[in-house]
Amino acid sequence: MLIYCIVKYIWRMLSNLGLDVDLQLMTKIVLSFSAGSLIGLERERAKSSSPGVRSIGFLALLGCLAAALPLHLPGSVLHPFTSLTLMMLVLAIVGIYTYQKLAVERSGGITTPAALSLAYAAGVLIGLGRMVEGIALCFMTSLALAAKLSVEKLVNFVTYRELLPAFELGVIVFLLGPLLPLNYTDPFIRVVSVGSLYIFFVTVLTLSYAGYIAVKLKGTSAIDYIAFVGGLANSEATVVSSLKAGGEKIASRTTLLANTAMITRNFLVFSLLALTQGWLDRTPLLVGFLAFSASIAAAYILSRFTYVNSEELTLELQPLSYSLAARATALFALALLLSALATLTMGEFGIISASLVGGLVSSSTIVFSSLSLAAGGYITFRAAVAAVLISTAVAVLNKMFYAGVLLGWKRSIKIAVKQCTVSTPLLAAALLMLL
């Protein structure tokens, strides 16, 4: 906006002198040079011998003129030759620079020549009127160049153990997914669709891989970090691991953080599914948002007041656990089918009953199934929100039973009180939805 105002001011001054000035072309010229200078600034700061602000800015300006002159000065037979000449000039500049670096100086790498080419391409975009896209290309190129140290660290970290699962996940998402009959549903009550099962399966795999990478980057000695990341994938498994690894304080803190992650995950899934379905009943949506927010805040605040020593907590994770994803998806399909049957036979009371039982096993399955039933018109949105809140609250409360069995019931009293505190907003909001 500032550049546009300056150009407009200059244009007015020139117009007062009786000169025919193309304001849009002037704006493109200034923007192309400025955008190219971003890349030049990074190159000049990274390597003093590389082309800098002016050189790369001029390349972007040449690209802008090559694309803009035929548009702003039509009718001349020289414009195609002018654009071709400018393009050949840029090719010659980049070619000579690349030859100098690779053949003469024997310094490997084509990062700077690629950056020069991208600066020219950004100038062409700006010259064609795609100003936002051209500027965005320069910012993205500058960011990629500036992130060299972070990228090198990531490359040194990644091994085939981490890289192969990423490729497998990409094949599942981008190759297998489009080939599946996503709209096909079960032949019985037409509730369980291939698409919903596929999305759930990919979600579990993605969380599993993200948790593995996070633990590898951070290390297994960070109790809080591992508890939260593990809670995103499987809060019950995380709590059991912490109960086996340490005492009451470690168990209390990790249980609260795992529940914080679990509630956050359910909240995000609930929000995403609810908003994408476009439900207009705002009251249940607002109540659900407030209940989830209050429960997350309670769990996090309580965890901050539970201090532990820096003892090591070992949590074994696999990059991609297909068996876990398959079992979770089968459980999701079963929960969805049983919830639908209970709803058809007992109405909304059926889905509430299913949420009480399903929360003990997997609250995320109830979140998916309840909102899927609401989208299909089997239950109201208020009942779906109540089922989501109840299943999440039950998933919070079930941790105190794990603590009671593994630590002893007397030592688990404080843990139980904290879990009841965390689940109170969820249960209160669910009761409000059912009234």
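The values are calculated or read from the model by the stated rules, or taken from the named source; none is laboratory data. Given the structure is predicted, the values throughout are model-derived calculations rather than measurements. A quick note on method: Cβ atoms are made from the backbone with ideal geometry, for glycine too, and the neighbour counts reach across all protein chains shown.
I need the full set of residues from the stretch 97-118 which are part of a helix (DSSP H, G or I) and either within 23 Å of Ala35 (Cα to Cα) or among the small types (Gly, Ala, Ser) (or both), in order please. Tyr97, Thr98, Ala103, Thr111, Thr112, Pro113, Ala114, Ala115, Leu116, Ser117, Leu118 - these are the residues of the stretch 97-118 that are part of a helix (DSSP H, G or I) and either within 23 Å of Ala35 (Cα to Cα) or among the small types (Gly, Ala, Ser) (or both).
Say whether the condition of being in the same structural domain as Leu373 (by TED's automatic domain parsing), touching a strand residue (DSSP E or B) at 6+ places or on another chain (Cβ under 8 Å) and modelled with pLDDT of 70 or more is met by at least one residue in the stretch 167-175. No, there is no match, as no residue in the stretch 167-175 is in the same structural domain as Leu373 (by TED's automatic domain parsing), touching a strand residue (DSSP E or B) at 6+ places or on another chain (Cβ under 8 Å) and modelled with pLDDT of 70 or more.
Annotation note: of Lys153, Lys216, the sole residue that is closer than 30 Å to Ile56 by Cβ and either crowded, with 19+ Cβ neighbours inside 10 Å or modelled with pLDDT under 70 (or both) is Lys153. Could you please let me know if Leu86 is assigned to a helix (DSSP H, G or I), modelled with pLDDT under 85 and in contact with a helix residue (DSSP H, G or I) (Cβ under 6 Å, 6 or more places away or on another chain)? Judged against the criteria, Leu86 is a match. State yes or no: is Met140 under 19 Å from Ser34 (Cβ atoms), exposed (fewer than 15 other Cβ atoms within 10 Å of the Cβ) and either modelled with pLDDT of 85 or more or in contact with a Pro (Cβ under 7 Å, 6 or more places away or on another chain) (or both)? So Met140 fits the description; yes.
Within the set Ser37, Ser107, Ser50, Ser32, the sole residue that is under 29 Å from Ala144 (Cβ atoms), buried (at least 19 other Cβ atoms within 10 Å of the Cβ) and modelled with pLDDT under 80 turns out to be Ser50. Tell me, yes or no, whether the stretch 243-264 has at least one residue that is modelled with pLDDT under 75, more than 23 Å from Val417 (Cα to Cα) and in contact with an Asp or Glu (Cβ under 8 Å, 6 or more places away or on another chain). No, the stretch 243-264 contains no residue that is modelled with pLDDT under 75, more than 23 Å from Val417 (Cα to Cα) and in contact with an Asp or Glu (Cβ under 8 Å, 6 or more places away or on another chain).
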